[in-house]
1. Given the options SER202, SER170, name the one that is under 23 Å from LEU69 (Cβ atoms), modelled with pLDDT of 90 or more and among the polar types (S, T, N, Q).
2. THR135 is checked against (1) under 11 Å from the mean Cα position of the chain (by Cα); (2) at pLDDT 95 or above and fails just one. What number does that condition carry?
3. List every residue pair whose Cβ atoms sit under 6 Å apart, with the two residues 6 or more apart in sequence or on different chains, where the first one lies in region 193-215 and is assigned by TED's automatic domain parsing to the domain that holds THR80 and the second, anywhere, is aliphatic (A, V, I, L, M) and part of a loop (DSSP other than H, G, I, E, B).
4. Consider PRO151 against the criteria (1) assigned to a loop (DSSP other than H, G, I, E, B); (2) within 11 Å of the chain's Cα centre (by Cα); (3) of a type outside the set (Gly, Ala, Ser): it satisfies all of them except one. Which criterion is unmet?
Amino acid sequence: MTADQFLERLMASTRSLVQNNGAMTNAEYFIKCFAKGLEDRQNDLWARFMRFYETEYDKLEISPTRPNLLHDTMDKIVRTGLKLVLASNPLFPLNVQMKRLSWAGLGHLRFNLVTHLENMSYCKPRIEYYREICTKIDAPPAACLMVGNDPVNDMIAARIGMKTYLTDDSKDDYRVTERKKRVLERFQITEIPDPDFTGPLSEVPRAVQHLITPL
């Protein structure tokens, strides 16, 4: 296929992941959509994606901007002994999620769960995605705090009873796009509760202590 055809298939298949209803993993759903009309080459196409991520992806050069006191903040959270989940939208395989984590200088952290393309069957902003996390870590939603910078994809976790913390370190992410509005309309979601906490990432440990300290 041409480069333009590839890009069109890639974007369409990635966007379609939000429609996965849990009957298969996101990886299976993605490649099924991507290989439509090329079913006899589905396994070869998937292998090529994996080969790219294992060889070429590492060559990407980026200059990330990290939130203030990032490492100190994460150390404080780790010391609470609570279960820690990397709940990044599961659009990539595990090795890519870990590479993205290393870009933030947090590759040394050990998570109880990292959500990725091959171990999840839903994507944000589906509330089933958050239910799936709770099932995997054996924790009720009411015992969880979702921390994120997206007022739709992350704060929607409140609809299943999770506490939420909306970070404001990056104002560019602090918005609701038209595409996100259309996704919400598709699933008949008319309202997302306001976050329980709002502030910089560095204040998350204080919110955690507030939640776990008996009154």
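The values are calculated or read from the model by the stated rules, or taken from the named source; none is laboratory data. Just so we're clear, the structure is a prediction, and the values are computed from it rather than from any experiment. Counting neighbours? That spans all protein chains shown, and the Cβs are built from the backbone with ideal geometry, glycine included.
1. On the way: SER170 fails: modelled with pLDDT of 90 or more.
From the options SER202, SER170, the qualifying one is SER202.
2. The number of the failed condition is (1).
3. SER202/LEU69
4. (2)
Here's the yes/no breakdown for (1) under 20 Å from the mean Cα position of the chain (by Cα); (2) within 28 Å of ASN149 (Cβ to Cβ); (3) surrounded by 17 or more Cβ atoms within 10 Å (Cβ to Cβ):
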site: ASP40; (1), (2), (3): no, no, no
site: ALA47; (1), (2), (3): no, no, no
site: ARG66; (1), (2), (3): yes, yes, no
site: LYS76; (1), (2), (3): no, yes, no
site: LEU82; (1), (2), (3): yes, yes, no
